[in-house]
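Following: one structure in structure tokens, then a few remarks.
The values are calculated or read from the model by the stated rules, or taken from the named source; none is laboratory data. None of these values were measured; they are calculated from a predicted model. Glycine also receives a Cβ, built like all others from the backbone with ideal geometry; neighbour counts cover every protein chain displayed.
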Amino acid sequence: MTIFAVRMRPSGGYALKRRLRSSARVVTYNPNLSIGLLILGFAGVVAILAPFIDRFDPLRLAVEQRLTAPGWEHWFGTDSFGRDLYSRTVHGARLSLLIGASVVAAVTISGELLGLIAGYDRRMDSVIMRIVDGVMAFPGLLLALALIAMLGSSVQNVIIAISVSAAPSITRVVRSTVLSLRERPFVESARAIGAPTWRILFVHIAPNTLGPVTIQATFLFAVAMLTEAGLSFIGAGVPDYVPSWGNIISVGRNHLYTAPWIVVIPGVFLTLTVLAANLTGDGLRDMLDPRLRGTRS
């Protein structure tokens with residue numbers, strides 16, 4: 001009598017619970033990722049709830065209360081126009097995070113497409129990478145400043161300018177990953193059975209590039225917010241009446257000694273958010289890199 005051993009596969013619900021427990025365990029034992037996600041989550045909640053948690057209209061002028069120190073009425077004080085700094089800071093979080101997320105989305109999509117094509121097609125590689133090298137020859141801030149000067153000052157143009165200056169980084173990361181993948185056996189097998197090029201790129205190769213792209217995207221998020229703050233600080237970013245952390249700091253630079261809270265408070269928020277993005281990137285790198293993951297207990 002023959003006995004067949006049947007291996008029972010875990011149900012979908014059980015597999016999902018196991019993956020969630022594994023992910024929670026990774027986040028718990030990775031302090032960089034935990035702290036980074038906690039701060040980013042807090043900033044995201046503040047940005048979403050900004051219209052509900054502000055105390056005054058961020059555009060309301062009250063000249064008689066200009067340069068008021070932080071107190072019970074104005075928690076973060078007021079700026080040189082009498083605008084409530086707390087309301088402008090929480091609304092500035094919404095704009096800064098929106099610009100950072102928009103730039104990451106635009107750069108990730110365009111960089112993924114260009115990197116896949118450049119890494120897989122040798123003929124297109126020379127064309128795409130020469131354009132990428134030409135863009136990278138310009139410093140990112142100066143290129144963004146030149147594009148803003150041509151397009152005009154607006155939130156949409158700031159996103160476009162920062163995206164153009166940051167796109168080469170994702171493109172090069174994806175291309176280098178594709179170059180190491182296109183000769184792998186699973187790609188050659190797909191090519192041998194007649195799979196079309198688009199299927200090889202988007203089904204077999206693209207999923208293997210998501211790890212490095214995700215890590216790079218977290219750093220681009222921080223770079224985008226810093227670039228927007230730099231452009232707004234010199235008056236070339238979003239219009240000066242729009243509350244953003246860079247605009248608030250720009251207004252307060254002339255009153256640094258008499259009203260330092262105008263610069264310090266939004267500067268602390270910007271620093272913590274950028275630090276959180278970098279910590280998240282480090283945590284994701286430790287989690288996704290098998291060499292680094294293997295060194296942890």
The condition of being closer than 26 Å to A118 by Cα and not in a helix (DSSP H, G or I) holds, among G194, G281, only for G194
Of the residues in region 250-266 that are among the aliphatic types (A, V, I, L, M) and in contact (Cβ under 8 Å) with a residue 40 or more places away in the chain, the one that is farthest from E228 (Cα to Cα) is A259
Determine whether region 109-129 contains at least one residue that is without any contact (Cβ under 8 Å) to a residue 24 or more places away in the chain, outside any helix (DSSP H, G or I) and either closer than 27 Å to I48 by Cβ or under 20 Å from the mean Cα position of the chain (by Cα) (or both).
-> no
Here the residues within region 201-211 that are surrounded by fewer than 19 Cβ atoms within 10 Å (Cβ to Cβ) and either over 21 Å from the mean Cα position of the chain (by Cα) or under 30 Å from L147 (Cα atoms) (or both) are F202, V203, H204, L210
When restricted to T68, T108, the only residue surrounded by 15 or more Cβ atoms within 10 Å (Cβ to Cβ) and more than 30 Å from T171 (Cβ to Cβ) is T68
Counting only residues in region 15-57 that are modelled with pLDDT of 80 or more and small (G, A, S), the one surrounded by the most Cβ atoms within 10 Å (Cβ to Cβ) is identified as G36
Taking region 55-78 and keeping residues over 30 Å from L37 (Cβ atoms), under 29 Å from the mean Cα position of the chain (by Cα) and of a type in the set (D, E, K, R) leaves D57
Would you confirm whether or not region 156-175 contains a residue that is over 27 Å from N278 (Cβ atoms) and basic (K, R)? no
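One line per residue, one yes/no per condition, for (1) of a type in the set (A, V, I, L, M); (2) surrounded by fewer than 17 Cβ atoms within 10 Å (Cβ to Cβ); (3) touching a Pro at 6+ places or on another chain (Cβ under 9 Å):
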position: F138; (1), (2), (3): no, yes, no
position: L142; (1), (2), (3): yes, yes, no
position: A146; (1), (2), (3): yes, yes, no
position: M150; (1), (2), (3): yes, yes, no
position: I159; (1), (2), (3): yes, no, no
position: I162; (1), (2), (3): yes, no, no
position: P168; (1), (2), (3): no, no, no
position: V173; (1), (2), (3): yes, no, yes
Residue hits (region 212-243; of a type in the set (D, E, K, R) and surrounded by fewer than 21 Cβ atoms within 10 Å (Cβ to Cβ)) are D240
Selection over region 136-165 where residues are touching a helix residue (DSSP H, G or I) at 6+ places or on another chain (Cβ under 8 Å), in contact (Cβ under 8 Å) with a residue 60 or more places away in the chain and not in a helix (DSSP H, G or I) yields a count of 0
Yes or no: region 255-270 includes at least one residue that is under 17 Å from V103 (Cβ atoms) and within 23 Å of the chain's Cα centre (by Cα). yes
